[in-house]
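Undergrad: Input: one structure, supplied below.
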Amino acid sequence: MDLLEYQGKQLFARHGVPVPAGRPAASVDEAVTAADSVGYPCVVKAQVQIGGRGKLGGIKLAATRDEARAHAAAILGMDIRGLRVHEVWIEEASEIEAEYYASIVFDRSARAPLILFSTKGGVDIEQVAEEDPDAIASLHVDPLLGYQQFHGRRLAFEAGIDADLVRPLTALLGKLYDAFVGEDAMLIEVNPLIVTPERELRALDAKVTLDGNALFRHPDNAALRDPSAEDPQEQMAKERGLTYVKLDGDIGILGNGAGLVMSTLDVVAQAGGRPANFLDAGGGSKADAIVAAVEVILSDEKVRAVLFNIFGGITRCDEVAKGLIEAFERVQPQVPFVVRLDGTNDEEGRRLLSDAQLPGLEVEATMLGAAERVVELAAATPALDTR
Amino acid sequence: MSILVDRETRVCVSGITGREGTFHALNNKRYGTEVVSGVTPGKGGQSVDGIPVFNTFRQAVGETDANTAMVFVPARFAADSIVEAADAGIRTIVAITEGIPAHDELRMSAHLRGLGDVRLIGPNCPGVLSPGKANVGIIPAAFFSEGNVGVVSRSGTLTYQIGNELAQRGFGNSSIVGIGGDPVPGSSFIDVLALFEGDPETELVVMSGEIGGSAEEEAAEFIADDVSKPVVAYIAGFTAPPGKTMGHAGAIVSGSKGTARAKAEALEAVGVRVGRTPTEVSEIVVETLAA
């Protein structure tokens, strides 16, 4: 789960990471009140989960109350690359002497957290990694030992920061690590981490990704979801416990297991079709989940045909079939369905489907055959939104 | 021969009294796997269809000589159960549970590596099947027969798909291993490829990867240096949209963009043939073994 900048900064502040003072606001009046309390000059920052907000007009400096009002009015409701701005963060303006970069990520191959630090902050770190890889210092932390002071010193000296900042940086990285572990984060990125003229370090931005699997330990964080970041169908799917990603095409896809669904998208594309979505009904899909999945897929009006590709392990094909039958009763789909069922209880599942004689539903024996058939059917069926 | 699980395997199922735990423990037992005990704290003394249940792994191992653990307990308790199994002396642990917090996995994995000789498969995986010998996990065994093709995969259902395509062409499997798709996998492609390389029954290995991370690229290097047997690969996610799951910093760690194309190219560069569909993978396997 990705946090908005201000949510990340509030999380940092709880762990003692220095951040500029600020307040969130969801309306122009709230923004003016926030600006008055923060003081002038202040910065009005659009809260959307997308990089490059500043260049797109989502970050403005306000020297006066009138300016704060005008900027908040312009930014709230603005569309930044398809995301509507519902909130702004009003923050005291910071003077910047230097811009650094710091992050902590999960390194899958090392099976350990990796801390990255660079004095080349404020720019796209991937570009730094490509052009000047030596400018990024990095090290792994033993998860059983945790962060040690020497980690900070090593990063500081290897990145070549000024001597007076070594201690403050070492302390700050320790606090970031505390936040990384304490909040069950998958990623913490501070870019830029600034040096002020008073020689203090401050997190001027915050990118935090939390582990959705650990939210049960953090009820406050669980409440921070940003609905504006989600497509309506994706939101609907999430509320029903399904993993759904919307794509551009017209063939609705459902499968069980992320790998099989990805493979299904690839095979449909190779057969000449264009998938409308990725939908993983997950392991052990029960009938209810299947009904919800059909509703989510058909809520996309571009869909002309739907492919179910199930290979049951923990998922039982008879449960999937029951879900489909129930979904057809409730939703009465107007587009053709192609279904392929293999694995646990597959014969029972196919028998249930054939007994139910669902209108417009065909069963195919293989994944490739099912993909080819659904592409044919989609080409012959007008989309829901063009009827 | 086979890898990880065979006729010597004696399984203790953690979470055996839960719905999924019971269903799959009995499924594995029906297949002929020695499912000797289960663990559910507080339910010691009960039995599940004749399989004795214990309160702790230490008791279960002491009473039933279990040498393999299969973990089905809910995500928030699973890491604890895995380290308990290791503490009781079990050295092969298959963790099916999905959704374990990543930081729990991190600490657990560091601890298990410190023990040195514990092999963890998963979490969030379908388990290991050695056809004709033992099934530890949720792989639908009826689709597979004994043979000489090893399969290792990050995705469960895709493993079944590929295994099934091979079976339809008359090929059986030495072992089928799902390593799972979690941030901190207990075993990597490399760990499992090394086992298949040392298994006399395995003549060819099918490796099925997917987008994200750099495990496939690392496996490619390992194959170039340390695997003499032919490897055929599949990568899922050529049409997946970029940037949906990966943060910027993650892309730096992996040293590549984690795309299906980059992975396929890394594998092809070391002579591994990459099928573009599961069906094509099975065709390449047939060609390679016939040659």
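Undergrad: Have a look at B:Gly212, B:Gly150 and point out the one that is surrounded by 20 or more Cβ atoms within 10 Å (Cβ to Cβ) and within 9 Å of another protein chain (Cβ to nearest Cβ). Full working, then the answer.
TA: On the way: B:Gly150 fails: within 9 Å of another protein chain (Cβ to nearest Cβ).
On inspection, the qualifying residue turns out to be B:Gly212.
Undergrad: Can you give me the number of residues within the stretch B:271-283 that are in contact with a strand residue (DSSP E or B) (Cβ under 6 Å, 6 or more places away or on another chain) and surrounded by 21 or more Cβ atoms within 10 Å (Cβ to Cβ)? Outline the logic, then answer.
TA: Narrowing the stretch B:271-283 to residues in contact with a strand residue (DSSP E or B) (Cβ under 6 Å, 6 or more places away or on another chain): B:272-275, B:281.
With the extra rule that they be surrounded by 21 or more Cβ atoms within 10 Å (Cβ to Cβ), the set shrinks to B:272, B:274-275, B:281.
Total meeting the criteria: 4.
Undergrad: Moving on. Go through A:Asp318, A:Asp342 for me and flag whichever is over 28 Å from the mean Cα position of the chain (by Cα), in a strand (DSSP E or B), in contact (Cβ under 8 Å) with a residue 24 or more places away in the chain and surrounded by fewer than 24 Cβ atoms within 10 Å (Cβ to Cβ). Please lay out each step first, then the result.
TA: Numbers: A:Asp318 fails: in a strand (DSSP E or B).
Checking each option against the conditions leaves just A:Asp342.
Undergrad: Also, I was wondering about something else. Assess whether A:Asp248 counts as being surrounded by fewer than 18 Cβ atoms within 10 Å (Cβ to Cβ) and within 11 Å of chain B (Cβ to nearest Cβ).
TA: Working: surrounded by fewer than 18 Cβ atoms within 10 Å (Cβ to Cβ): yes; within 11 Å of chain B (Cβ to nearest Cβ): yes.
In short, yes.
Undergrad: Right, here's the next one. Can you pull out the residues in the stretch A:101-130 that are farther than 22 Å from A:Ile194 by Cα and either β-branched (Val, Ile, Thr) or free of Cβ contacts under 8 Å to residues at least 40 places away in the same chain (or both)? Step through it out loud before you land on a result.
TA: Residues of the stretch A:101-130 farther than 22 Å from A:Ile194 by Cα: A:106-113, A:130.
Passing the criteria: A:Asp107, A:Arg108, A:Ser109, A:Ala110, A:Arg111, A:Ala112, A:Glu130.
Undergrad: All but one of (1) crowded, with 18+ Cβ neighbours inside 10 Å; (2) without any contact (Cβ under 8 Å) to a residue 60 or more places away in the chain; (3) away from chain B (no Cβ under 14 Å) hold for A:Ala171, so report the exception by its number.
TA: Among (1) crowded, with 18+ Cβ neighbours inside 10 Å; (2) without any contact (Cβ under 8 Å) to a residue 60 or more places away in the chain; (3) away from chain B (no Cβ under 14 Å), the lone unmet condition for A:Ala171 is (1).
Undergrad: All but one of (1) within 9 Å of chain B (Cβ to nearest Cβ); (2) of a type in the set (Gly, Ala, Ser); (3) under 27 Å from A:Ala380 (Cβ atoms) hold for A:Ala293, so report the exception by its number.
TA: (1)
Undergrad: Name the residues in the stretch B:258-291 that are touching a Lys or Arg at 6+ places or on another chain (Cβ under 7 Å) and not polar (S, T, N, Q), would you? Working first, answer last.
TA: Of all residues in the stretch B:258-291, those touching a Lys or Arg at 6+ places or on another chain (Cβ under 7 Å) come to B:282, B:284, B:286.
The answer is B:Ile284, B:Val286.
Undergrad: Among (1) in a helix (DSSP H, G or I); (2) in contact (Cβ under 8 Å) with a residue 24 or more places away in the chain, there is one condition B:Asn164 misses while meeting the rest; what is its number?
TA: The single condition B:Asn164 does not satisfy is (2).
Undergrad: Restricting to the stretch A:265-287, count the residues that are touching a helix residue (DSSP H, G or I) at 6+ places or on another chain (Cβ under 7 Å) and in a helix (DSSP H, G or I).
TA: 3
Undergrad: Failed condition for A:Leu352, given (1) within 31 Å of the chain's Cα centre (by Cα); (2) surrounded by fewer than 24 Cβ atoms within 10 Å (Cβ to Cβ); (3) of a type in the set (A, V, I, L, M), with all others met?
TA: (1)
Undergrad: Looking only at the stretch B:235-249, decide whether some residue is surrounded by fewer than 18 Cβ atoms within 10 Å (Cβ to Cβ), at pLDDT below 95 and among the charged types (D, E, K, R).
TA: Yes, the stretch B:235-249 has at least one match.
Undergrad: Is it the case that A:Thr243 is surrounded by fewer than 21 Cβ atoms within 10 Å (Cβ to Cβ), of a type in the set (Ser, Thr, Tyr) and either out of contact with any His (no Cβ under 6 Å at 6 or more places or on another chain) or more than 23 Å from B:Ile162 (Cβ to Cβ) (or both)? Show your work before the answer.
TA: Working: surrounded by fewer than 21 Cβ atoms within 10 Å (Cβ to Cβ): yes; of a type in the set (Ser, Thr, Tyr): yes; either out of contact with any His (no Cβ under 6 Å at 6 or more places or on another chain) or more than 23 Å from B:Ile162 (Cβ to Cβ) (or both): yes.
Here the answer is yes, as A:Thr243 does meet what is asked.
Undergrad: Another question, if that's okay. So which residues in the stretch B:65-90 are under 24 Å from A:Ala214 (Cβ atoms) and among the small types (Gly, Ala, Ser)?
TA: B:Ala69, B:Ala75, B:Ala78, B:Ala79, B:Ser81, B:Ala85, B:Ala86
Undergrad: Taking strands (runs of 3 or more DSSP E) that do not extend beyond the stretch A:15-111, which have at least 2 residues that are within 14 Å of another protein chain (Cβ to nearest Cβ) and closer than 30 Å to B:Gly186 by Cβ?
TA: Working: elements: A:22-25, A:42-46, A:59-62, A:88-92, A:98-107.
By residue number, A:98-107.
Undergrad: Between residues in the stretch A:251-262 that are more than 7 Å from chain B (Cβ to nearest Cβ) and in a helix (DSSP H, G or I) and residues that are surrounded by 24 or more Cβ atoms within 10 Å (Cβ to Cβ) and among the β-branched types (Val, Ile, Thr), which pairs lie under 8 Å by C-beta distance while being six or more apart or on different chains?
TA: A:Val261/A:Ile253
Undergrad: Search the stretch B:42-56 for residues that are assigned by TED's automatic domain parsing to the domain that holds B:Lys29 and among the charged types (D, E, K, R) and pair each with any residue that is part of a loop (DSSP other than H, G, I, E, B) and surrounded by 11 or more Cβ atoms within 10 Å (Cβ to Cβ) when their beta-carbon atoms are under 9 Å apart and the residues are at least 6 apart or on different chains.
TA: B:Lys43/B:Ile16; B:Lys43/B:Thr17; B:Lys43/B:Asn55
Undergrad: Within the stretch B:180-209, restricting attention to residues that are over 19 Å from B:Leu106 (Cβ atoms) and crowded, with 24+ Cβ neighbours inside 10 Å, which residue is nearest to the other protein chains (Cβ to nearest Cβ)?
TA: Top of the filtered list is B:Ser208.
Undergrad: Within the stretch B:17-48, can you find the residues that are in a strand (DSSP E or B), under 23 Å from B:Ala75 (Cβ atoms) and among the hydroxyl-bearing types (Ser, Thr, Tyr)? Spell out the reasoning first.
TA: Keep residues of the stretch B:17-48 that are in a strand (DSSP E or B), which gives B:34-39, B:47-48.
Among the residues that remain, those that are also under 23 Å from B:Ala75 (Cβ atoms) are: B:35, B:37-39, B:48.
Listed by number, the list holds a single entry, B:Ser37.
Undergrad: Which of the residues spanning the stretch A:114-123 are in a strand (DSSP E or B) and more than 7 Å from every other protein chain (Cβ to nearest Cβ)? Step through it out loud before you land on a result.
TA: Within the stretch A:114-123, the first condition is being in a strand (DSSP E or B), and the residues that meet it are A:114-118.
Those that are in a strand (DSSP E or B) and more than 7 Å from every other protein chain (Cβ to nearest Cβ): A:Ile115, A:Phe117, A:Ser118.
Undergrad: Further question on the same structure: Name the residues in the stretch B:154-167 that are over 13 Å from B:Ala142 (Cα atoms) and more than 7 Å from chain A (Cβ to nearest Cβ), would you?
TA: Hits for the stretch B:154-167 are B:Thr159, B:Ile162, B:Glu165, B:Leu166.
Undergrad: Return a yes/no flag: does the stretch A:125-133 have any residue that is outside the structural domain of A:Lys55 (by TED's automatic domain parsing), of a type outside the set (A, V, I, L, M, F, W, C) and closer than 30 Å to A:Pro41 by Cα. If you could, list the steps in order and put the result at the bottom.
TA: Within the stretch A:125-133, the subset outside the structural domain of A:Lys55 (by TED's automatic domain parsing) is A:125-133.
Checking which are of a type outside the set (A, V, I, L, M, F, W, C) leaves us with A:126-127, A:130-133.
Keeping just the survivors that are closer than 30 Å to A:Pro41 by Cα gives none.
No, every residue in the stretch A:125-133 fails to be outside the structural domain of A:Lys55 (by TED's automatic domain parsing), of a type outside the set (A, V, I, L, M, F, W, C) and closer than 30 Å to A:Pro41 by Cα.
For every residue, the table says whether it meets (1) surrounded by 13 or more Cβ atoms within 10 Å (Cβ to Cβ); (2) among the hydroxyl-bearing types (Ser, Thr, Tyr).
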{"position": "A:Glu87", "(1), (2)": "yes, no"}
{"position": "A:Glu95", "(1), (2)": "no, no"}
{"position": "A:Ser103", "(1), (2)": "yes, yes"}
{"position": "A:Arg111", "(1), (2)": "yes, no"}
{"position": "A:Ala156", "(1), (2)": "yes, no"}
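The values are calculated or read from the model by the stated rules, or taken from the named source; none is laboratory data. Computed from a predicted model, the values in this text were never measured in an experiment. Glycine gets a Cβ as well: all are built from the backbone with ideal geometry, and neighbour counts include every protein chain shown.
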